[in-house]
Amino acid sequence: MPKKFDHNHLLILLYLLSHSLGKIHIHSLLSITFVDTIQEGSAVAEPIGICYGRVANNLPPPSTVLEILQDNGISSVRLFNTDPAILSSFSATPTIHLTIGVPNELLPTLASSSVATTLDWLQSNILAHIPANQIRYIAVGNEIFLKDPYYTPHVLPAILNLHQALQTLGLDNSIKLSSPQAASVLSASYPPSSASFDPSVQPSLLPLLRFLRDTNSPFMVNSYPYFSYLRNKNYVSLEYALFRATSEVVNDGELVYSNLFDASVDAFVSAMEREGVVGVPVVVSETGWPTGGGEAASVENSRAYNAEVVRRAVEGVGTPRRPGVGVEVFLFDLFDENEKYGEEFERHFGIFGPDGLKAYDLNFN
C-alpha cells in the first residue's frame, strides 16, 4: 500500500526536490570562495549579543532593562518567546536588534498551517509589536534535536512556512531563520577536524543545514565549555575551558587549539563540511559561565570567560579553521533566573543584578 505523506513530509519533500545535486555543488564552490576571500582580508568583527531569559520572579521592568542595555552599549538581544509587552518595549529603541524565539510547543501548529495562516501568525505575534528592521533572526525552537525530540518532525516544515511568509512580505533577505541546537548533536568532536553529527539526528538535521546554506542563514549552536568541563574533567582542564591554557594545546593537523570555545565552534564547522555543507556561519546563540552554584562557578571565572569571548568577537579573532572571521555570540544571561529548574548553577548565569548593577566589570564593545 503506498505510503501516505502528511503536510510536514510534503513540505520537506518539495524542498529537497527543488535542489538538484548540481546546484548544491555550485553553491558549495561559491561558499568556499566567499570564505577564502574573507580569510585573506582584514579581521571581521561581530556584535556581542545577550540572552534575555525571563524565568524569574524578580526581574526589573522593561524600561529598566532598556536602560541597562543602552548604558552598556548592547545592541543585540535574544528573546526566547514572543511576549507582546517585551517586544513592544524594544520598539522605542531602534538601535537594538532582536533575535526572537519561537517556543518549541508552537512548532506543530506552524508546521501544519498554510502559508497564509503562518503569515497571519507572524504579523499578529511579531510584526504588530516590533518593526521588521529591528529583527535580525527568528530562532525556531530551541535545542529540539536530541533534547526535545517530540518536536523534531516539525522544525523544518515550520521554518519553511515562516520563510515563505517572510518572502511574501519581502523580508526574507533581512530576517534570517535558524533553529538553535545543543552541542550534543555532535557524536564526536575531538579533534575538531574529525567531528561528526549524531547519526540519529542526521535525517532531520541535514535538510535543515542545507536550508541554512541555501538561504545564507547561520547554524545556531548553544555552546557551554563550563558543561564540557564538568562532564569531562579527566580530559578538559579548567584552564583550557577558561582560555587560560599556556602549554596545554590540541594539535589537529596544522591547526592548534588553545581553548575549548574555538575547538567547539570548529567542530561544528567540520561536521557540516563532512556532510557537504560548506560556508555556513556558526552563531553561538548561547554561551556563558555561572557565577555560583557549582564547581568552578565563581564571579572570577565568569568574568574571565565572558571577557575573552567578548574580546575575540569584537576584535574579529575568529577560530583556527576560520581565522579573522569573528564569531557572533550571545552571552547567557542578562539576569539570574531564579525559577529555572535543574542544577543550582543553572540559576546563576546573570551578568547583571535586578538593580541593574553588574555582577562584575565587563565591557561589551
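The values are calculated or read from the model by the stated rules, or taken from the named source; none is laboratory data. Remember, it's a predicted structure, so these values are computed and weren't measured experimentally. We place every Cβ from the backbone using ideal geometry, glycine too, and count neighbours over all the protein chains shown. For the accessible areas, the whole protein counts, side chains as well, though only heavy atoms, and no ligand, DNA or RNA atoms are used. Shrake-Rupley method; radii C 1.70, N 1.55, O 1.52, S 1.80 Å.
Restricting segment 284-302 to residues that are assigned to a loop (DSSP other than H, G, I, E, B), open to solvent by less than 20 Å² (accessible area, probe 1.4 Å) and small (G, A, S), the residue that is farthest from F219 (Cα to Cα) is G292.
Which one of P225, P281 is under 24 Å from the mean Cα position of the chain (by Cα) and open to solvent by less than 10 Å² (accessible area, probe 1.4 Å)?
Working: P281 fails: open to solvent by less than 10 Å² (accessible area, probe 1.4 Å).
Result of the check over P225, P281: P225.
Picking from residues in segment 90-109 that are open to solvent by less than 30 Å² (accessible area, probe 1.4 Å) and in a loop (DSSP other than H, G, I, E, B), the one that is nearest to F145 (Cα to Cα) is P103. State whether one or more residues within segment 224-238 are in contact (Cβ under 8 Å) with a residue 60 or more places away in the chain, part of a strand (DSSP E or B) and in contact with a strand residue (DSSP E or B) (Cβ under 9 Å, 6 or more places away or on another chain). Looking for residues that are in contact (Cβ under 8 Å) with a residue 60 or more places away in the chain, part of a strand (DSSP E or B) and in contact with a strand residue (DSSP E or B) (Cβ under 9 Å, 6 or more places away or on another chain), one finds none in segment 224-238, hence no. Has segment 303-316 got at least one residue that is touching a helix residue (DSSP H, G or I) at 6+ places or on another chain (Cβ under 7 Å) and open to solvent by 10 Å² or more (accessible area, probe 1.4 Å)? For segment 303-316, residues touching a helix residue (DSSP H, G or I) at 6+ places or on another chain (Cβ under 7 Å) and open to solvent by 10 Å² or more (accessible area, probe 1.4 Å): absent. Of all residues in segment 62-89, those satisfying the criterion of being under 17 Å from L331 (Cβ atoms), more than 21 Å from the chain's Cα centre (by Cα) and open to solvent by less than 50 Å² (accessible area, probe 1.4 Å) are V65, I68, N72. In the set (1) out of contact with any Ser or Thr (no Cβ under 7 Å at 6 or more places or on another chain); (2) farther than 21 Å from V250 by Cβ; (3) in contact (Cβ under 8 Å) with a residue 12 or more places away in the chain, the condition left unmet by A304 is number (2). One residue stands out in segment 138-183 among those that are of a type in the set (D, E) and out of contact with any His (no Cβ under 8 Å at 6 or more places or on another chain): the one that is most open to solvent (accessible area, probe 1.4 Å), namely D148.
Of the residues making up segment 264-278, those that are open to solvent by 10 Å² or more (accessible area, probe 1.4 Å), touching a residue at least 12 places away in the same chain (Cβ under 8 Å) and more than 12 Å from A183 (Cα to Cα) are R274, E275, G276, V278. Name every residue in segment 310-364 that is in contact with a Pro (Cβ under 6 Å, 6 or more places away or on another chain) and in a loop (DSSP other than H, G, I, E, B), in order of residue number. H348, F349, P354 - these are the residues of segment 310-364 that are in contact with a Pro (Cβ under 6 Å, 6 or more places away or on another chain) and in a loop (DSSP other than H, G, I, E, B).
Out of S112, S189, which single residue is of a type in the set (G, A, S), modelled with pLDDT under 95 and surrounded by fewer than 21 Cβ atoms within 10 Å (Cβ to Cβ)?
S189
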